[in-house]
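Scroll down for the structure; my scribbles are underneath it.
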Amino acid sequence: MAITQAMCSSFKGEVMQALHDFDVAANTFKLALYTSSATLDASTTVYSSSNEVPNSGSYTAGGGTLTNQGVTVSGTTGFTDFADLSFTSATITARGALIYNSTNGDRAVCVLDFGGDKTSTAGTFTIIFPTPDASNAIIRIA
Amino acid sequence: MSAQGNSSVGRFMVYTTDNRGHTPEELANMAMEHIIAVSSAAPEPIRLQAEAYKAKLHELIVRYMKKAVEQDRLTLCQQLEKSGQADTANIIRSL
């Protein structure tokens, strides 16, 4: 069991098949949280509820809906960003997350490794995405 | 001929709380993640200047966020008092 941060390999092919659209209000992307018992890595192809954290507060099975911030090309890099995501009044212990396309067959996009268990107790669990630029954005293709 | 590219997943952060929501300081830290990124590889004078600017901006955001919370609570207390719930208003005022 391990969660390894990665861009999912299947996603790389699916981008070339136009199966993911990150424009504002285009496809719906979601972020699901997982316990340390989950196995998630570059070979992950779709969302699975196996070892997902249980419902608590505003967190429900399938995770939270991300708000697309659109696609930008800067120099030779294309990137996209999402608004930060919070789960409130939640008791959660998560080791990582999966971003997936819920519009299009729950296809996996990327795996986020928290580096250790992150816990909220009757509190807020927030994922902060990085500065949206060519060097830092959450999803970049150079 | 061939064309090659790399795909990357960026560095994100996770903030959690116990028995409360986020404080203005925590929210300001989150905002800063979106406003300015300072590369550790940047030349020192530029990096120091950027870090100083970041710290000033953080201080300003915290100050105004606290004012926003204070003003919102004032509005809430006024509405509660108007509807005869002075006790609840007092609890909120004491937070």
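What follows is calculated from the coordinates using simple rules that are stated; it is not laboratory data. Since the model is a prediction, treat every value here as computed from it, not as a measurement. Neighbour counts run over all protein chains shown; Cβ positions are idealised from the backbone, glycine included.
Some notes on this structure:
- Per-residue mean of C-beta atoms belonging to partner chains within 10 Å, peptide A:86-93: 2
- For the peptide A:115-125, the mean number of other protein chain Cβ atoms found within 10 angstrom of a residue's Cβ is 4.
- Length added when fully stretched, B:Ser94-B:Glu59, from 0.36 nm per residue minus Cα-Cα: 10.2 nm
- If you run the Gaussian network model on chain A, springs between alpha carbon atoms under 10 Å, then out of A:Thr76, A:Thr45, A:Thr119 the most flexible one is A:Thr76.
- Plainly put, the stretch A:35-142 has a radius of gyration that is 0.97 times its Kirkwood radius, both from alpha-carbon atoms, as the Rg/Rh ratio.
- Highest mobility in the GNM of chain A, judged by mean-square fluctuation with C-alpha springs under 10 Å and restricted to A:Ala122, A:Ala18, A:Ala90, is found for A:Ala18.
- Computed over chain B, the range of Cα coordinates on each principal axis works out to 77, 34, 24 Å, biggest value leading.
- Taking the charge dipole of the protein assembly as shown about its Cα centre, with +1 at Lys and Arg Cβ atoms and -1 at Asp and Glu Cβ atoms, the residue from B:Asn29, A:Val53, B:Gly5 reaching farthest to the positive side is B:Asn29.
- The protein assembly as shown: Cα Rg divided by the 2.2 N^0.38 Å rule of thumb: 1.16
- For the residues B:Lys67, B:Lys56, B:Lys82, a GNM of chain B with alpha-carbon springs under 10 Å puts the largest fluctuation on B:Lys82.
- For peptide A:135-141, the mean count of partner chain Cβ atoms within 10 Å of a residue's Cβ comes to 5.
- Distance (nanometres) between label positions extended 7 Å along Cα→Cβ at A:Ala142 and A:Thr60: 4.0
- By the helix-only formula, in which each DSSP H run with n ≥ 4 contributes -39500 (n - 2.57) and the sum is divided by residues, the protein assembly as shown has a 222 nm mean residue ellipticity of -9500 deg cm²/dmol.
- For the protein assembly as shown, a simple Cβ point-charge model (Lys and Arg +1, Asp and Glu -1, everything else neutral) yields a dipole of about 240 debye relative to the Cα centre.
- Alpha-carbon centroids, the stretch A:1-21 and the stretch A:64-142: separation in whole Å: 14
- Spin-label model, A:Ser43 to A:Thr119: label points 7 Å out along the Cα-to-beta-carbon direction sit 3.1 nm apart.
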